[in-house]
Amino acid sequence: MTCDRLVCANCAGPVNEARCSVCRAQRARRHRDGLSAAVTPAMLLALLVALLSVALAAREMAL
Ligand SMILES: [Zn+2]
C-alpha cells in the first residue's frame with residue numbers, strides 16, 4: 001500500500017496520519033480496497049474448480 005504518499009485535500013496533511021475525518025474516511029476506503037483485492041484469489045480458485053468439474057464432466061461424456 002502506498003497510502004503514506006497521499007496528501008489530504010482538507011487538512012493538507014498526509015492521509016496516513018489521519019488528522020481529520022476526510023483522512024480517516026480515505027484511509028478506511030483504502031483498507032476496504034485491500035480486502036476486496038484479497039478476495040480475488042479465492043474467486044479465481046472457485047472459477048478454476050468450476051472449470052475442472054466441467055472438464056471432468058465432458059470427459060465422462062466422451063467415454
Ligand atoms: Zn485530512
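The values are calculated or read from the model by the stated rules, or taken from the named source; none is laboratory data. Since the structure is predicted, the reported quantities are computational estimates derived from the model, not experimental observations. Here the Cβ positions follow ideal geometry from the backbone for every residue, glycine too, while neighbour counts run over all protein chains shown. SASA here: full protein model, heavy atoms, side chains in, ligands and nucleic acids out. Shrake-Rupley method; radii C 1.70, N 1.55, O 1.52, S 1.80 Å.
Key figures for this structure:
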read-out	value
Scope region 48-63; condition open to solvent by 100 Å² or more (accessible area, probe 1.4 Å) and of a type outside the set (Lys, Arg); matching residues	Leu48, Leu51, Leu52, Glu60, Met61, Leu63
Matching residues in region 16-31 - criterion: being of a type in the set (D, E, K, R) and either surrounded by 15 or more Cβ atoms within 10 Å (Cβ to Cβ) or at pLDDT below 85 (or both)	Arg19, Arg27, Arg29, Arg30
Cβ pairs under 8 Å, 6+ apart, first in region 1-15 and closer than 12 Å to Arg27 by Cα and modelled with pLDDT of 85 or more, second in a loop (DSSP other than H, G, I, E, B) and among the basic types (Lys, Arg)	Cys8/Arg19
